[in-house]
Structure formats: structure tokens, C-alpha cells
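Down below is the structure, laid out as C-alpha cells.
The values are calculated or read from the model by the stated rules, or taken from the named source; none is laboratory data. Computed from a prediction, not measured in an experiment: that's the story for all the values here. Here the Cβ positions follow ideal geometry from the backbone for every residue, glycine too, while neighbour counts run over all protein chains shown.
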């Protein structure tokens with residue numbers, strides 16, 4: 001039996017016969033073997049289909065049928081498993097499997113993205129221990145199909161790049177370039193898939209991609225400053241360079257460096273965006289310029305693309321937390337936290353827990369009841385938090401235990417004609433909530 005790779009090469013030699021018709025020079029033989037192998041495929045008898053498929057591959061030009069390549073991948077994949085104990089044969093078959101994807105992509109442009117993405121997944125499957133092959137193959141595929149690649153392809157490409165770097169095959173500068181380039185492709189994919197059920201998978205892959213890079217050790221502040229300073233000095237007004245600097249320095253908590261200040265100011269002067277103004281927020285916050293920081297974060301939220309709901313939620317929750325912890329704006333914090341709860345089921349529990357904490361921290365004036373009623377509200381929101389997110393149950397329960405200590409005594413409530421279970425409106429420091437009376441017995 002001829003080797004599969006040889007037969008594939010024989011098929012490539014037949015490319016010039018395209019001018020002689022769809023089925024090539026020996027069209028009758030081509031059609032005959034196409035028919036033979038396809039009958040077996042219909043019966044899912046791929047082992048029996050294999051000999052006729054090979055004959056079809058040797059006789060027919062690529063244009064004869066796209067099924068030659070889709071069915072061929074199934075046949076070759078089965079043979080890879082069947083020959084698992086013969087490494088040399090397995091290598092030949094894997095090379096053939098990848099070649100099938102390349103030829104299909106070249107001859108059927110409408111299927112090119114799917115074909116090359118399948119090739120990438122096969123590369124990941126068969127070359128998981130060969131980081132050099134992984135990196136070169138996946139990089140080439142991403143360059144061709146960009147956002148058409150599966151989320152896992154980006155993560156595996158980054159892992160392979162880091163392995164190449166750690167083994168001396170890539171400079172820190174090149175790894176940085178790889179990170180910024182591929183991250184841009186992932187962001188493009190997220191933008192295109194905003195209404196797709198796969199959006200969560202893509203966002204998760206982005207997080208994994210960034211984690212792999214962060215764990216590489218190349219993203220220390222000293223390394224980043226050393227890598228970016230010459231680029232900045234060579235072209236201080238280049239938007240792409242400034243954007244990459246801001247993202248990387250922010251991600252690595254290098255916001256107190258002089259280079260970060262220069263990059264943020266430069267980028268914001270060129271084109272104020274959600275990214276540049278968010279970086280300004282980080283910058284001002286690191287210097288305890290809290291009012292400026294809050295204003296910058298507010299501006300950043302206003303500049304977010306409305307379709308980018310994930311960033312909108314993250315930044316709004318960040319603002320709600322900052323209002324409370326750094327600006328002493330309790331009412332504003334609660335208002336923003338409620339916006340987050342409306343926008344995102346994933347963040348609802350966190351938003352409610354923040355509201356509980358805000359209410360539990362208030363000092364409210366008035367009599368023995370009105371000065372303690374805020375703790376009823378705090379417990380209400382702690383209960384909402386654990387109901388919305390079970391991972392917050394322990395923290396919410398601890399807050400509730402703490403807040404219940406400050407419930408008014410039953411005897412005091414009686415003196416003010418306040419009875420357990422009654423509705424009660426709490427107003428404190430610009431916030432108002434409807435709650436239920438509870439007393440300490």
C-alpha cells in the first residue's frame with residue numbers, strides 16, 4: 001500500500017489538469033473511485049472506503065470534490081489511532097492530515113477558515129509536546145484566519161510562545177510583540193461575537209491568554225520599562241505603541257512608573273478612549289488624587305462601546321467600589337452598584353454585597369431606631385448577595401452576623417411604636433430603602 005503522503009503529493013501534481021475539466025484527464029476513473037469510496041462512507045465503513053479514497057486522491061484534481069478532504073480527514077484520523085504503535089507511520093499520517101487541510105483551504109476559499117481552524121486543532125492535539133512546532137504552525141494559521149480561529153488556538157499559541165521564550169528561542173521583546181499582536185486579534189473576535197452564545201468562552205480564553213503571559217515572568221515593571229522606553233523615545237506620538245504600553249503597564253501594575261504617565265498622557269492627547277481614560281484613572285488613584293480618578297473613570301465608562309457589556313460592567317463596578325472606598329460617596333456607590341446588578345447576572349451578587357457593606361458602614365442620626373435601621377437594609381442586601389451568587393454565602397453570612405448585633409432592642413422599638421415584621425423606610429446620607437423591622441430580643 002502506497003504511503004498516504006505520497007498519494008497526496010501525487011494529487012498535487014495533477015493540479016494542471018484542472019483545465020481539462022472538474023474531474024481531470026482521466027475523468028472516468030476519477031468518478032469511478034469517487035463513487036466507490038463514497039458508497040462505503042455512506043455506510044460509515046471508513047476502513048473499507050480507504051483504498052478507493054486513495055485511488056480517487058491519486059486520480060482526481062482537488063476540484064473534483066471537497067468531500068475528498070473532509071472524508072479524507074476522517075479516514076486518516078482513524079488510521080492514526082490504528083497505527084498508534086508505529087511512530088514513523090503516525091508521523092506520516094499526521095503530516096498528511098495537515099496537508100489535507102492546506103489543500104482544501106487553497107482550493108475552496110469559502111471553507112478556508114474552517115479548514116485551517118481544524119488544522120490548528122489537530123496541531124494542538126498531535127504536537128502538544130513540541131512547543132516549537134506548536135508556535136510556528138499556530139502563528140501561521142492565526143496570521144491567515146485571524147479572529148476565525150477557535151478560542152483555544154490563541155491560548156495554546158501563547159503557551160507555546162512562552163515555552164519558546166523560556167528555552168531561549170525568543171527574546172523578551174518578541175514575546176511582548178506576540179502578546180500585543182494576538183491580543184488584538186482576540187479583542188477583534190470578542191467584538192464580532194457580542195451576540196454569540198460563544199462569547200463567554202472567548203472572554204474566558206482571553207483571560208487564560210493574559211494569565212499565561214503574566215506567568216511568563218517577562219512582564220515585570222523593570223522589563224516592560226526597558227522594552228518600551230526605546231520605542232517610546234523613537235516615536236512618542238505613535239498611537240499603536242502608546243496603546244500597547246498602557247495596556248501592558250496597567251496589567252502588570254506598573255502604574256507608578258514615569259513611562260506609564262508619559263504613555264497615558266500621550267495616548268489621551270491623541271485620542272481619548274475608554275482605555276486611555278481608564279489608565280488615567282489608575283494613574284490618579286495611585287497618587288491618591290481621588291476626585292480626578294473618579295472623574296477619569298466616569299469618562300472612561302462614557303466612552304465604552306455600548307456593545308462591550310463586559311467592560312461596561314467591570315468598569316461600573318470598579319467605579320461603585322471606588323466611590324465608597326476612596327471618595328466617601330455612599331449614595332453614588334449604591335446607585336452604581338444597582339446599575340451593575342441590572343446589567344449583569346454574573347456581577348449581581350458582588351453588587352449586592354457592596355451595597356450591604358455600604359449600608360452597614362453608615363452613621364445615621366436620629367433616635368434609637370432610625371440610627372440603627374440601616375443594619376436591616378445591610379442584612380437585606382447580604383441575603384440578596386448570597387441568593388444571587390452562592391460563592392458569596394460565607395462572606396454574606398459573616399456580614400449579617402456582624403450587622404445583627406446592632407439591631408435595636410425590642411423594648412426600645414416598643415417605646416417608638418415599632419413592631420417586628422412591620423415595613424419601615426430608612427433614609428440616611430442621601431439613600432432611601434424600604435425594609436422590615438427586626439429587633440434584638
Among the residues of the stretch 119-160, the number that are under 20 Å from residue 90 (Cβ atoms) and not in a helix (DSSP H, G or I) is 4
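Conditions (1) closer than 20 Å to residue 134 by Cα; (2) modelled with pLDDT of 85 or more; (3) in a helix (DSSP H, G or I), marked per residue:
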residue: 162; (1), (2), (3): yes, yes, yes
residue: 170; (1), (2), (3): yes, yes, no
residue: 178; (1), (2), (3): yes, yes, yes
residue: 189; (1), (2), (3): no, yes, yes
residue: 204; (1), (2), (3): no, yes, yes
residue: 207; (1), (2), (3): no, no, yes
residue: 231; (1), (2), (3): no, no, yes
Exactly one of these conditions fails for residue 277: (1) within 18 Å of residue 228 (Cβ to Cβ); (2) touching a helix residue (DSSP H, G or I) at 6+ places or on another chain (Cβ under 6 Å); (3) in a helix (DSSP H, G or I). Give me its number. (1)
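Conditions tested, residue by residue: (1) more than 20 Å from residue 324 (Cα to Cα); (2) surrounded by fewer than 22 Cβ atoms within 10 Å (Cβ to Cβ); (3) out of contact with any helix residue (DSSP H, G or I) (no Cβ under 9 Å at 6 or more places or on another chain).
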{"residue": "360", "(1), (2), (3)": "no, yes, no"}
{"residue": "366", "(1), (2), (3)": "yes, yes, yes"}
{"residue": "370", "(1), (2), (3)": "yes, yes, yes"}
{"residue": "374", "(1), (2), (3)": "no, no, no"}
{"residue": "388", "(1), (2), (3)": "yes, yes, no"}
{"residue": "400", "(1), (2), (3)": "no, yes, no"}
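Rundown of residues vs (1) over 28 Å from residue 206 (Cβ atoms); (2) in contact (Cβ under 8 Å) with a residue 24 or more places away in the chain; (3) in a helix (DSSP H, G or I), yes/no style:
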site	(1), (2), (3)
283	no, yes, yes
292	yes, no, yes
305	no, yes, no
334	yes, yes, yes
348	no, yes, yes
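Give the number of residues within the stretch 81-92 that are over 26 Å from residue 163 (Cα atoms) and either part of a helix (DSSP H, G or I) or in contact (Cβ under 8 Å) with a residue 40 or more places away in the chain (or both). So that I can check it myself, show each step before the final result.
The initial filter retains those residues of the stretch 81-92 that are over 26 Å from residue 163 (Cα atoms), namely 81-86, 89.
Next, from what is left, pick out any that are either part of a helix (DSSP H, G or I) or in contact (Cβ under 8 Å) with a residue 40 or more places away in the chain (or both): 81-82, 89.
Total satisfying the criteria: 3.
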For the stretch 335-347, state whether one or more residues are surrounded by fewer than 16 Cβ atoms within 10 Å (Cβ to Cβ) and closer than 23 Å to residue 405 by Cα. no
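For the stretch 307-325, give me each residue that is part of a loop (DSSP other than H, G, I, E, B) and surrounded by 15 or more Cβ atoms within 10 Å (Cβ to Cβ).
We begin by selecting, within the stretch 307-325, every residue part of a loop (DSSP other than H, G, I, E, B); these are 307-308.
Scanning the stretch 307-325 gives a single hit, 308.
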Is it the case that residue 17 is out of contact with any helix residue (DSSP H, G or I) (no Cβ under 8 Å at 6 or more places or on another chain), over 25 Å from residue 125 (Cβ atoms), at pLDDT below 95 and surrounded by 17 or more Cβ atoms within 10 Å (Cβ to Cβ)? yes
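Quick one: in the stretch 34-70, which of the residues that are outside any helix (DSSP H, G or I) and touching a residue at least 24 places away in the same chain (Cβ under 8 Å) is farthest from the chain's Cα centre (by Cα)? Steps first, answer last, please.
To start, the set of residues in the stretch 34-70 that are outside any helix (DSSP H, G or I) comprises 43-45, 60-61, 65-66.
Narrowing the set further to residues that are touching a residue at least 24 places away in the same chain (Cβ under 8 Å) leaves 60-61, 65-66.
Numbers: 60: 43, 61: 41, 65: 37, 66: 33 Å.
Going through the qualifying residues, I end up with 60.
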Every residue in the stretch 359-387 that is outside any loop (DSSP other than H, G, I, E, B) and touching a strand residue (DSSP E or B) at 6+ places or on another chain (Cβ under 8 Å), please. 359, 374, 376, 377, 380
Have a look at 414, 375, 407 and point out the one that is over 27 Å from residue 328 (Cβ atoms) and assigned by TED's automatic domain parsing to the domain that holds residue 323. 414
Of the residues 173, 117, which single one is closer than 30 Å to residue 258 by Cα, touching a residue at least 12 places away in the same chain (Cβ under 8 Å) and touching a helix residue (DSSP H, G or I) at 6+ places or on another chain (Cβ under 8 Å)? 173
Is there any pair with a first residue in the stretch 409-424 that is without any contact (Cβ under 8 Å) to a residue 24 or more places away in the chain and a second that is assigned to a helix (DSSP H, G or I) whose Cβ atoms are under 8 Å apart and which are 6 or more apart or on different chains, and what are they? 419/413; 420/410; 420/413
